[in-house]
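Pasting a structure below so you can have a look.
Since every read-out is calculated from the coordinates, none of them should be taken as a lab result. Note that the structure is predicted; figures quoted are calculated from it, not measured. Positions of Cβ are generated from backbone atoms using ideal geometry, with glycine treated the same way; all protein chains shown enter the neighbour counts.
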Ligand SMILES: *Cc1c(COP(=O)(O)O)cnc(C)c1O
């Protein structure tokens, strides 16, 4: 055989010159530290110019480019056009700001490149360490199990599937839900996040079987309406099985009466799940914790370290009280996942026994760094500061006749508007202008048909001056817009 083939000791993908890599790496670290330190001097957001967008439609690169050149390209074409959620003036949606310790941990995690689906290696012990901390955070028992997932959308879905197994038995994994002749019904408030509905669709239960219960004046689930809906379903022969409490609704930050929901779930034999994506980590603040009473009694909690926990994206988490049913829902005996008592195939159970992912990144490391470097108390204090800033914004709105509040302040989200003859149009324009001028980035939501400017205070970098700038920006642009009409 003389045919030319790939050389057996050919090139690797490692750099030819490690010292050159070291120089490039130091430049990147220096630049990123400067970037983080000087975030406030940048516009919060700028639209990606068309020429830049165009430039991302090039053909597949078949030949090498120097790392330094690719990095220059990153600083020119990518870095300036982020969505801005790391910036102190970002108040749109529910997005965390990240933190420097987490940034560096991401580099370390990529260096060792762990696959956290299973096997016997220390990265899984780091993840188990975080699970232990989440049990402490939420006063859960030692038998509770948990894993990292992308975000609460998937965490809610996992909780629903585990609850389905609890209701129908492990046998339902094989037989499917069609083998069950009762309709399974679930309950959440109308203010619940849309991913709860999606979870019902994905789980094959259908979104029609999700009862969206009306909310009270404080945007919390109406408990009487909930009881009525459960009774009506039982009368129809359905089988109520899953109740979702919101620990911070996405629109206004309302916290359902979790203790009352827990009591209803217990009395009715329902799985009590909490969507804590936005608010659950507020229990790290001693002042805020009492408002989440009942969270410790949940069957499962879905939440995000990447929101108020300030861990860089993504770092969602699902915590399940009954570790046995959690494992029984996902564990699968296949030959390539065979467990041993020694060697790399030891250390069972593995994360892949608790969720649908097999290949998984080392999300635990950036979370471990964030919690270790700052300490849970300091993260709790940053969360309390967000709520104090929301109170401050609310007070400024109430003191300003040109502005009005549109929803009660539940936690950290302030919904308000500039008073005008055609308020929906004017306030939509104000928000777009604030964003496009790079001044401030609130978002919008609709409350009882009224378009609201929605400021979600969640970023640890946001300070009083950012609230002052938001209010003065709304007032000056509001005046501009209404005068043009
Ligand atoms: C953000 C959010 C979600 C979705 O979480 P992801 O991490 O984005 O998947 C679900 N529920 C609430 C209340 C949220 O704020």
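Normalised by the number of residues in the range 225-363, what is the relative contact order in percent for Cα pairs under 8 Å and 6+ residues apart?
Across the range 225-363, relative contact order equals 16 percent.
What order, most packed first, do the peptides 16-23, 439-446, 220-227 have when packing is the mean number of other Cβ atoms within 10 Å of each residue?
Going by the mean number of other Cβ atoms within 10 Å, highest first, we get 439-446, 220-227, 16-23.
With a cut-off of 8 Å between alpha carbons and a minimum separation of six or more residues, what is the relative contact order of the chain in percent?
Relative contact order for the chain comes out at 21 percent.
Now a separate question. May I ask for the Kirkwood hydrodynamic radius of the chain, worked out over all distinct Cα pairs and given in angstroms to one decimal?
24.7
Report, please, the projected area of the range 290-396 averaged over directions, based on the convex hull of its C-alpha atoms, in nm².
Projected area, direction-averaged: 9.5 nm².
Over the range 156-252, what is the relative contact order in percent, taking alpha-carbon pairs closer than 8 angstrom and at least six residues apart?
Here the relative contact order equals 36 percent.
Rounded to the nearest 500 deg cm²/dmol, what is the calculated helix-only ellipticity per residue at 222 nm for the chain, with -39500 (n - 2.57) per DSSP H run of length n ≥ 4?
Rounded to the nearest 500, the figure is -13000 deg cm²/dmol.
Would you mind pulling out the separation of the Cα centroids of the range 58-106 and the range 317-361, in Å?
Using only Cα atoms, the two centres lie 33 Å from each other.
Hey, another quick one. Give me Rg over Rh for the range 379-451, both radii from the alpha carbons and Rh done the Kirkwood way, two decimal places.
The Rg/Rh ratio comes out at 0.99.
Could you give the semi-axes, largest first, of the ellipsoid that matches the range 94-235, computed as the square roots of 5 times the alpha carbon gyration tensor eigenvalues and rounded to whole Å?
For the range 94-235, the ellipsoid semi-axes come out as 34, 21, 14 Å.
A further question on this structure: Which residues in the range 30-62 place their backbone N less than 11 Å from a point set 7 Å from the Cα of residue 71 along the Cα-to-Cβ direction?
30-32
Mind jotting down the distance between the C-alpha centroids of the range 433-485 and the range 265-299, whole Å?
31
Separate question: Take peptides 96-103, 419-426, 310-317 and line them up by average Cβ neighbours within 10 Å, highest first, as a rough protection proxy.
Top to bottom by mean Cβ count within 10 Å: 310-317, 96-103, 419-426.
Let me know the volume per residue of the alpha-carbon convex hull for the range 214-331, in Å³.
126
Let me ask something else. Of all beta bridges DSSP finds with both residues in the chain, what is the antiparallel percent, to the nearest 5?
Bridges in the chain are about 55 percent antiparallel.
Provide the packing ranking of 397-403, 79-85, 273-279, i.e. peptides ordered by the mean count of other C-beta atoms within 10 Å per residue, highest first.
Result, highest mean Cβ count within 10 Å first: 273-279, 79-85, 397-403.
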